[in-house]
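All remarks here apply to the structure that follows.
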Amino acid sequence: MNTFLILLPLILTMLFSLVTVPVLVWMERRVAALIQDRLGPNRCNVNGIRLGGLVQSVADMMKLVFKEEFLPTHIKNKFYHLVAPSIAFMSAFLTFMVIPYADNVIIGGHTYHMQALPIDLGVLWFLAFAGLGVYGIILGGWASHNKYAMIGSMRATAQVIGYEVAMGLSLVSILISYGTISLNEMVSYQTQNFFYLPAWGIVIQPVATIIFIVTAFAETNRAPFDAAEGESEIVAGYHTEYGAMKFGLYFVAEYIAMAASGALIVTMFLGGYQLPYLSTVDLINNFELILWIIIIFAIITSLVFIRWIKTHNVLVMSGLDETKIYTSLIIVFTIFTIIVMSYYALGYGGSNEVGVMILQFVVFTVKLFLLHFVFVWVRWTLPRFRYDQTQKLGWNILLPISLINIVFTAIIVVGVNYGN
């Protein structure tokens, strides 16, 4: 048990960064289909099982893994050409190491940190590796010996420099408000109240929240800030000369960077793993009541989901009966979950710390995927900005607003402390 709790943050880091990439690709396609009023991926299957289109994402990943590697003969710096995607991938992956997935758990007198890398400098770690990821783009574009790739890498470099400044200054405002640079302490701060509202970062620092979210889009080269790979102008930008798994690393790095940015936004601005108004101590003391609420919610959700499947899953595929399998699995899983939670809700389960930890994992995951939906929603709603518009937004608008927000925040914080 002790070893498992030590390794659990590392396992969760792998799940949230690598394993969720096919899920994010699936979400991208389904949300795009929803916005464009079409069905989306619904044909790729394994013996009739489509998993709502998720099999298509897995098939695409397998295609990249087994595709033949090709290295253009005109490339002179082959080592740099090969290592560039790995730099982008590893930089995106390492940003996840400092994200807290739940509060520290105390069992048997031992404290277990739910961070893969439990350090107090988590914000600085994120900024460092988020900025380092652009080196993979710069190196890839330069080593490709291609004018389109070079233009794409130069655009990405200028964009990251411009928006990194605004991102850092927006974080200064939020750090002044929280009075700490520890991500866990920030989450604990957000369990307080702010004029009857939860003291989330988005409530006490709305300007910094908007600036950070916008700069996070630009840092991850997500639309509408994807001029670095604008296919209508420069073919594919910095990864024009990449194929197979080398392109796959760039592709995965973008989604991991998006997931890491979303995880930091959830942690700093949306209450992290905590429910509104409830601290970890409150959850532990009222865990039985919370379980009964979850049981009722699970029953209602299962019934609604079963009805939705029977109504909408009308496409008939050769193979197994998908609707019956889903319905049976939902019923079995719901009954098992109700039995386990009822056992703990009646007071037979012993310590509540582990149960609260699992609940906080679920809360963090739900918030993170809701934010992923926003990322995808924005991509399929706003057109791509021109390169000059991107630079103007970063330097002429976001940077001055960030500086003004720091001044006002410092005045308010000093005034409140002086009054106290």
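Side notes on the structure shown:
- With R₀ fixed at 35 Å, the C-beta to C-beta distance from residue 2 to residue 289 puts the FRET efficiency at about 0.75.
- Residues considered: 194, 126, 89. Largest GNM mean-square fluctuation over the chain, using C-alpha springs under 10 Å, is found at 194.
- Most mobile of 108, 131, 40 in a GNM of the chain (Cα contacts under 10 Å): 108
- Relative contact order for the chain, counting Cα pairs under 8 Å that sit 6 or more residues apart, in percent: 23 percent
- Reported to the nearest whole Å, the Cα centre-to-centre distance from segment 372-388 to segment 1-58 is 21.
- Model label points for residue 65 and residue 303, set 7 angstrom from Cα along the Cα-to-Cβ axis, are 4.2 nm apart.
- Summarising the overall dimensions of segment 278-350 from its C-alpha atoms, the Rg and Dmax are 16.5, 52 angstrom.
- Measuring against 28 Å, Cα to Cα, the residue pairs 78/392; 147/246; 63/324; 67/324; 147/392 contain 78/392; 63/324; 67/324 as the ones spanning a longer distance.
- Approximate spin-label separation residue 107-residue 74, in nm, with each point projected 7 Å along Cα-to-Cβ: 5.9 nm
- Label-to-label distance for residue 172 and residue 386 is 3.1 nm, based on points extended 7 Å past Cα in the beta-carbon direction.
- Considering all C-alpha pairs of segment 95-145, those separated by over 16 Å amount to 56%.
- Theoretical FRET efficiency, 1/(1+(r/R0)^6), r = Cβ-Cβ of residue 321 and residue 346, R0 30 Å, to 0.05: 0.20
- Where the alpha-carbon atoms of the chain are placed on the principal axes, they occupy 72, 70, 43 Å, in descending order.
- Over segment 278-350, relative contact order from alpha-carbon pairs under 8 Å, at least 6 apart, %: 51 percent
- Selection of trypsin sites (Lys or Arg not before Pro), segment 38-91, meeting DSSP coil and at most 16 other Cβ within 10 Å: 38, 43, 67, 76
- Quarter the surface of the alpha carbon convex hull of segment 244-375 and you get the mean projected area, 11.7 square nanometres.
- Residues 112, 135 in ascending order of nearby Cβ atoms (within 10 Å, fewest first): 135, 112.
- Using just its DSSP H runs of length 4 or more, each adding -39500 (n - 2.57), the chain gives a mean residue ellipticity at 222 nm of -22000 deg cm²/dmol after division by all residues.
- Here the Gaussian network model covers the chain, with springs between Cα atoms less than 10 Å apart; of 62, 114, 154, 62 fluctuates the most.
No value in this document is a laboratory result; all are computed from the given coordinates. Predicted, not measured: the structure shown is a model, and the values here were computed from it. Positions of Cβ are backbone-derived with ideal geometry, glycine not excepted, and every protein chain shown enters the neighbour counts.
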